[in-house]
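The values are calculated or read from the model by the stated rules, or taken from the named source; none is laboratory data. Predicted model, so just to flag it, every value in this text is computed and none were measured. Cβ coordinates were reconstructed from backbone atoms using ideal geometry, including for glycine residues, and neighbour counts include every protein chain displayed.
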Amino acid sequence: MKQLDSLREVMRRDEVFSFVKSDKDVQPITDRGVILSLEGVSVSFDGFKAINDLNMAIDAGELRCIIGPNGAGKTTMMDIITGKTAPDEGRVRFGQTMNLLGMSEPEIAQAGIGRKFQKPTVFECLDVAENLELAIQGDKSVWATYRAKLSGEQRDYQEKVLETIGLQEAATHRAGSLSHGQKQWLEIGMLLMQRPHVLLVDEPAAGMTHQEMDNTTELLTSLAGEHTVVVVEHDMDFVRSIAERVTVLHQGHVLAEGSMDDVQQNQRVIEVYLGE
Amino acid sequence: MFRILRGDYGGQILIALVILACAIVPYLNLYVPASSPYHLSTFTVTLLGKYLTYALLALSVDLVWGYLGILSLGHGAFFALGGYAMGMYLMRQIGDRGVYGNPDLPDFMVFLNWEQLPWFWQGFDMFWFAMIMVLFVPGLLAYVFGWLAFRSRVTGVYLSIITQALTYALLLAFFRNEMGFGGNNGLTDFKDILGFNLQSDQTRIGLFIASGVALVLGYLSCRAIVVSRLGRVAVAIRDSEDRVRFIGYRVDKVKLAIFTFSAVIAGIAGALYVPQVGIINPGEFSPLNSIELVIWVAVGGRGTLYGAALGAIVVNYAKTYLTGALPEVWLFALGGLFVLVTLYLPKGIVGLMSRRQKELGAS
């Protein structure tokens with residue numbers, strides 16, 4: 001089977017041989033069609049299959065919610081897309097052409113996939129504006145970083161992001177002194193500074209008040225369209241309020257996909273969520 | 001240049017003091033007669049010069065520890081390598097004035113019955129070549145070491161232990177006579193540098209001023225890194241390395257660049273240290289030295305640069321005093337100091353001072 005697979009890989013007509021093309025410089029098509037696809041992805045840790053033959057395609061400009069019980073493999077899936085974990089098998093593509101496997105985390109981030117973590121991780125010793133500045137899109141090599149200064153346009157954009165995340169007044173505060181919800185927002189702000197094509201957002205509503213949650217809903221909805229937003233969330237109310245399409249993961253596999261109502265009617269989803 | 005010191009009062013004071021010392025010390029040594037109580041002996045000048053090179057070394061450690069979060073317990077190795085490069089130049093300057101009077105070979109090679117100069121000693125009779133090696137050898141070692149360590153994402157305690165092993169391995173290697181660096185005895189008995197007699201007061205003053213200049217330039221260059229965006233990336237790496245990767249920075253490259261730069265500075269400090277103390281031997285590679293050096297930075301206050309320089313000078317002054325007055329107490333004092341600082345002064349002397357200032361401001 002392995003040989004057959006590799007033979008098929010060689011015979012594919014939609015691609016040239018991998019050694020002919022340069023992986024690095026291919027610009028993914030990111031304004032239409034499928035922007036992110038996982039095909040037959042599996043990964044196991046010490047024999048436990050965290051992801052099992054996962055197939056998923058996300059369209060450009062979509063706002064997709066991914067739900068699933070604990071241990072369904074949601075965070076592992078994000079780890080695979082962002083290059084933190086290498087899958088045992090399968091393919092992950094960005095746009096139609098860019099192969100994300102074998103790329104490092106910084107390369108994937110530079111290509112235009114931004115990620116917000118489950119636990120808000122901001123740089124606590126730096127102030128809010130500096131946190132945003134570090135994330136800014138641009139050349140991130142050592143020398144360029146040493147020489148870097150904010151241009152006028154970048155400064156305007158930083159202001160805009162500060163406004164979007166509602167932290168203008170806190171711009172010079174240390175990120176460590178922010179509340180939990182504000183840190184979540186700052187991290188989303190850092191995502192925006194990267195101007196990514198795809199935003200992977202892991203549990204944005206965790207630890208937020210209702211007011212903050214509403215604001216987050218609004219923000220994520222407004223980002224979809226221009227960006228592609230993938231949200232992993234536990235909170236069903238939150239999901240219901242934003243989702244167009246929902247994918248349910250269970251034991252590392254897609255259990256159901258569709259609108260929120262469809263998914264909620266689905267017998268197997270009910271079984272998994274509510275028990276037998 | 002003034003822009004990078006804006007708001008950095010500690011740094012401004014440090015630089016002002018060093019410049020002041022470079023003006024006053026030569027005067028007190030050369031022009032005040034020896035009978036006057038204000039006369040500064042050449043011994044003291046050399047001692048102060050030594051402190052300045054230690055301060056520069058401490059800066060290099062603070063850059064990687066205080067900002068980048070890499071606790072290097074082997075920075076003494078880079079210092080010693082820079083020192084050896086300088087020592088090799090000084091050895092070659094001895095010429096035929098050695099005990100054996102061999103114009104081509106240093107004494108220890110004659111003693112070992114070597115016929116000719118080993119290849120790695122070639123070129124060290126030229127000052128410029130030796131100076132390039134002072135920068136290049138520690139830099140290369142740091143680069144190769146860092147490339148291997150940072151690419152494999154070795155961090156924390158493991159990295160500290162490897163750096164410690166690195167300096168210990170070099171200690172053992174340099175102890176061997178076959179290495180060709182004078183073995184146990186190291187390199188010593190230096191006569192002159194660039195044609196100036198090393199024993200003369202004027203040369204000592206020259207070396208003192210050179211150390212002061214190196215400290216100021218070293219401070220400014222470290223400060224330039226720290227206030228740049230690269231410096232903020234370094235702090236970000238210290239606090240949350242993973243996150244930095246996901247916003248698109250190559251963490252290994254940032255670490256490698258700063259670590260190598262720091263090693264080069266440590267090498268320069270070593271090169272200035274050797275002509276002042278007149279000897280370099282494998283003892284400089286001893287892990288204890290590298291640990292002591294971390295203590296200087298901890299005592300002064302890490303993550304401030306000027307705190308590290310202050311710590312180096314204060315601890316070494318205490319060392320000079322105590323090893324003279326109560327020699328058996330020194331190691332206990334050093335250990336006790338480290339325990340006390342870790343428990344009560346996590347930000348070192350600098351932290352204590354800024355806390356005082358805040359209390360005064362509040363009351």
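Can you tell which of B:SER200, B:SER240 is modelled with pLDDT under 95 and within 14 Å of chain A (Cβ to nearest Cβ)?
Selected residue: B:SER240, the only one of B:SER200, B:SER240 that is modelled with pLDDT under 95 and within 14 Å of chain A (Cβ to nearest Cβ).
Report yes if B:VAL61 is at pLDDT 95 or above and either out of contact with any Asp or Glu (no Cβ under 7 Å at 6 or more places or on another chain) or in a helix (DSSP H, G or I) (or both), otherwise no.
It is true that B:VAL61 is at pLDDT 95 or above and either out of contact with any Asp or Glu (no Cβ under 7 Å at 6 or more places or on another chain) or in a helix (DSSP H, G or I) (or both).
Is it the case that A:LEU167 is crowded, with 21+ Cβ neighbours inside 10 Å and farther than 28 Å from A:ILE81 by Cα?
yes
Residues in region B:215-237 that are more than 8 Å from chain A (Cβ to nearest Cβ) and closer than 15 Å to A:ASN131 by Cβ: how many?
3
Given the options B:GLY212, B:GLY195, name the one that is within 21 Å of B:VAL264 (Cα to Cα) and away from every other protein chain (no Cβ under 14 Å).
B:GLY212 is the lone residue from the list that is within 21 Å of B:VAL264 (Cα to Cα) and away from every other protein chain (no Cβ under 14 Å).
Kindly check whether there is at least one residue in region A:145-157 that is more than 14 Å from chain B (Cβ to nearest Cβ) and within 26 Å of A:ILE108 (Cβ to Cβ).
Scanning region A:145-157, I find at least one residue that is more than 14 Å from chain B (Cβ to nearest Cβ) and within 26 Å of A:ILE108 (Cβ to Cβ), so the answer is yes.
What are the residues in region B:222-248 that are among the basic types (Lys, Arg) and free of Cβ contacts under 8 Å to residues at least 60 places away in the same chain, if any?
Matches in region B:222-248: B:ARG229, B:ARG232, B:ARG243, B:ARG245.
May I ask you to list the residues in region A:83-110 that are closer than 20 Å to A:GLY61 by Cα, facing chain B (nearest Cβ under 10 Å) and surrounded by 22 or more Cβ atoms within 10 Å (Cβ to Cβ)?
The answer is A:ILE108, A:ALA109.
Can you find even one residue in region A:115-122 that is closer than 30 Å to A:ASP235 by Cα, surrounded by fewer than 17 Cβ atoms within 10 Å (Cβ to Cβ) and not β-branched (Val, Ile, Thr)?
The answer is yes, given that some residue of region A:115-122 is closer than 30 Å to A:ASP235 by Cα, surrounded by fewer than 17 Cβ atoms within 10 Å (Cβ to Cβ) and not β-branched (Val, Ile, Thr).
Quick one: would you say A:THR221 is away from chain B (no Cβ under 14 Å) and in contact with a Gly (Cβ under 7 Å, 6 or more places away or on another chain)?
no
Exactly one condition in (1) at pLDDT below 90; (2) within 9 Å of chain B (Cβ to nearest Cβ); (3) crowded, with 22+ Cβ neighbours inside 10 Å is not met by A:LEU134; state its number.
(1)
The rows are residues; the columns are (1) under 24 Å from B:THR188 (Cβ atoms); (2) crowded, with 19+ Cβ neighbours inside 10 Å; (3) under 15 Å from the mean Cα position of the chain (by Cα); (4) more than 10 Å from chain A (Cβ to nearest Cβ).
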{"site": "B:LEU256", "(1), (2), (3), (4)": "no, yes, no, no"}
{"site": "B:ILE265", "(1), (2), (3), (4)": "no, yes, yes, yes"}
{"site": "B:GLU284", "(1), (2), (3), (4)": "yes, yes, yes, yes"}
{"site": "B:ILE291", "(1), (2), (3), (4)": "no, no, yes, yes"}
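For (1) out of contact with any Gly (no Cβ under 8 Å at 6 or more places or on another chain); (2) more than 30 Å from B:LEU172 (Cβ to Cβ), each residue gets a yes or a no:
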position	(1), (2)
B:SER286	no, no
B:VAL297	no, no
B:TYR321	yes, yes
B:ALA325	yes, yes
B:LEU334	yes, no
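Given the criteria surrounded by fewer than 15 Cβ atoms within 10 Å (Cβ to Cβ), in a helix (DSSP H, G or I) and in contact (Cβ under 8 Å) with a residue 40 or more places away in the chain, does B:PHE79 qualify?
Considered against the rule, which asks whether it is surrounded by fewer than 15 Cβ atoms within 10 Å (Cβ to Cβ), in a helix (DSSP H, G or I) and in contact (Cβ under 8 Å) with a residue 40 or more places away in the chain, B:PHE79 comes out as no.
Evaluate the following for B:GLY278: is it away from chain A (no Cβ under 14 Å) and on the phi > 0 side of the Ramachandran plot?
yes
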